[in-house]
Amino acid sequence: MIEAIAELGRLVLEEKSKLDSRKDDSFDTDSNNLTSFLSLIQSEKILLILLNQSQEKYEYCGLKEEKPLESRAQLYLFSQGAKGGGTNYSPTCVLVKPNITKSMTAEQIKDNIKLQVEKTFQQKVENWFSNKALPLAKKFLKSEKISNSEADFIEKITQVIKEQREKIIEDISQKIYEEINLKKGNSILISLLINDKYIGEYEIFKLFLLELIKEKTQKSSSQNKTCFVCKQKRENVSGMVNVFKFYTIDKPGYIKGGFSPKNAWKNFPVCSSCQTNLSEGRKFLEANFQFNFYGFKYLLVPKLAIGTDRAFAEVVDTLKNTQKEIRLGEKKLEHITNDENEILEIVSEFNDYISVTFLFLTTQMGAERIVLLIEDVFPSHLKNIFNAKRHTEKKFRKLFDNHDIVFTFQQIKYFFTKSNRLRKNTDLDSYFLEITESIFKKKPIDLDFLLLHFCRRLQDDILNSDLAGFYTSCSYAMEVLEFLSKLNNLKLKGDDSVMSFETPFDEILNEFPVASANPAVKGIILVGALCDMLLRIQSAGLKKAPGRMPPFAKNLKGLRLKQADIISLLPKIENKLMEYSAFGKAKKLVAATASELLLKAPADWKLSSDEVSFYFACGMNLGQKIRDLAKKLTNDTEEAEDEE
């Protein structure tokens, strides 16, 4: 995966070089490489601190607000270093949204904003000039890498920043309070405009940025070692590459070869060329191929399996252009996730000379953790996934006469949020991600595991008297099973010792993975269908509020059913239907078929409570479909319509 990102970065840099060299014959490769170390700007606004020269010194002249432009990224020179209290590689920094609540007074809000601004300004701007820029200026002046005037320039800028800090902090705080309405999660980028020039227009700031990065990488480096990425022996490799912070050297447990950070290069030795490629690759992915996935974010990493750089470049361009067209509303694709910008359908149309990797990342304590890594997913399998999606949609649209049914991973996520709906936060994310991985990697998924979570949700619906929610949950569960069965991810239970029995309802029962050759399963489904017919009659007859539980629902034991419960439920349902004078020929056929199947089943059905309960729920969900077929088979025109 790391190699694929570096290869992507190399390709992007080469394409940039070709484009820029055509525009300008004096194109500087070092300048192009500098952009690889610049961080992606995701801020809502940019505030520029205006400094202008007045005779022998610089003066603070207020602030300037502007919208971030991708074309100006190199001018802002934003390169994020250590998170938290550390400085960046330049004085440009991010000011996150202050913590503001509705209960705060205006003065409290102002104080809170000022506290946040002061903290960020001191850590990221003041400390950069005092602790980074001034020492570097002295070092480079001594080695004659910069002139006296350049060193004097840095000293005077540092001085005005120090002298005017209170005024600058006050102005930024007031600007935020009065004009900038930050949405949740958004931020402001703080930078400088000196004599009407961005800091990226000054060579000395670019020189300092590269030097600070170099100093960090040299803290843990070695000579004439093999680079982890390109597998070549290089003159110098470093373990301080921070493109992906999968480990941190300030924790002893992460350091290979003892507790000395100088040996950290052994964990992840990377040469300078590959570091540049990795930086550019990640930037490109975050700008173009980063997607949402039900509370997570993932990077979609394309990889060339066979072929040339030109073929790979064409693939990347196609994906990038498609993503742009989707965002502009010029193109619309089918999607299997909750991100409408998803491009997996386009990937599925390629041949298997490429593959993609799904990299799910989260940040904890300044270090990154891989939540899920799914490597080498080929277009042919993505095509299978989309075909299974379309198959599922077609079947259930026809079944429920609802052309609005769209199948995505949302139906799966629906059952893997909270183990208890009273919980404040989700606690089943790991299970959801495991299923996601199994789908993309063609791993088998245990039916009993799925039924456990299906039934938990269905039981919650019964407990909360949410009949509408119950039918929704059951439909989603059946769609998930159909989807997984079509992908061959699901291995349904079967008993070869049991003979298969034909029923008048096989055109429905045999179409779904919830049914099997076991006559008990078909019988349970039909009992559930008959129960649905009864509950609908009760709801209509007793004028219950839509979606609420009718009286007979108390016999379902909260949907924690066993074999004995099904056997006793059937006569109870028949008797209740007769009380309502609603036991016509159609319902009698359903009841008789269910009774015959249960009698032909083995004495021990060998079905768990979850299996019995789920098959019963599926029968309820198919109740109206089975009723309509029964009416057709029996020419029953006397069936009461008050159960609609």
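The figures follow:
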quantity: Some residue of the stretch 93-103 being in contact with a Ser or Thr (Cβ under 7 Å, 6 or more places away or on another chain), open to solvent by less than 30 Å² (accessible area, probe 1.4 Å) and aliphatic (A, V, I, L, M); calculated: yes
quantity: Hey, Leu193 under 36 Å from the mean Cα position of the chain (by Cα) and under 26 Å from Thr35 (Cβ atoms) or not; calculated: no
quantity: Unique match (being buried (at least 19 other Cβ atoms within 10 Å of the Cβ), modelled with pLDDT under 95 and not polar (S, T, N, Q)) among Leu450, Leu422, Leu382, Leu467; calculated: Leu467
quantity: Test set (1) at pLDDT below 90; (2) crowded, with 20+ Cβ neighbours inside 10 Å; (3) touching a helix residue (DSSP H, G or I) at 6+ places or on another chain (Cβ under 6 Å) - Val117 fails condition number; calculated: (1)
quantity: Pick from the stretch 552-592, criterion of a type in the set (Val, Ile, Thr) and open to solvent by less than 10 Å² (accessible area, probe 1.4 Å), ranking: nearest to Arg536 (Cα to Cα); calculated: Ile573
quantity: Hits in the stretch 317-340 - residues which are assigned to a loop (DSSP other than H, G, I, E, B), touching a Lys or Arg at 6+ places or on another chain (Cβ under 9 Å) and either surrounded by 16 or more Cβ atoms within 10 Å (Cβ to Cβ) or at pLDDT 90 or above (or both); calculated: Glu334, Ile336, Asn338, Glu340
quantity: Selection status of Phe407, among the aromatic types (Phe, Trp, Tyr) and surrounded by 19 or more Cβ atoms within 10 Å (Cβ to Cβ); calculated: yes
quantity: Scope the stretch 305-316; condition over 11 Å from Val356 (Cβ atoms) and open to solvent by less than 60 Å² (accessible area, probe 1.4 Å); matching residues; calculated: Ala311, Phe312, Ala313, Val316
quantity: Search result, residues across the stretch 292-316 that are in a helix (DSSP H, G or I) and aliphatic (A, V, I, L, M); calculated: Ala311, Ala313, Val315, Val316
quantity: Extreme residue, nearest to Tyr202 (Cα to Cα), among residues of the stretch 53-74 that are open to solvent by less than 50 Å² (accessible area, probe 1.4 Å) and touching a residue at least 60 places away in the same chain (Cβ under 8 Å); calculated: Tyr58
quantity: Helices (runs of 4 or more DSSP H) fully within the stretch 352-448 counting 3 or more residues that are touching a helix residue (DSSP H, G or I) at 6+ places or on another chain (Cβ under 6 Å); calculated: 379-399, 410-413
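The values are calculated or read from the model by the stated rules, or taken from the named source; none is laboratory data. Please read all numbers here as calculations on a predicted model, not as lab measurements. In this analysis, Cβ positions are derived from the backbone assuming ideal geometry, glycine residues included, and neighbour counts consider all displayed protein chains. Just so you know, the surface numbers come from the protein's heavy atoms only, side chains and all, with ligands and any DNA or RNA stripped out. Shrake-Rupley method; radii C 1.70, N 1.55, O 1.52, S 1.80 Å.
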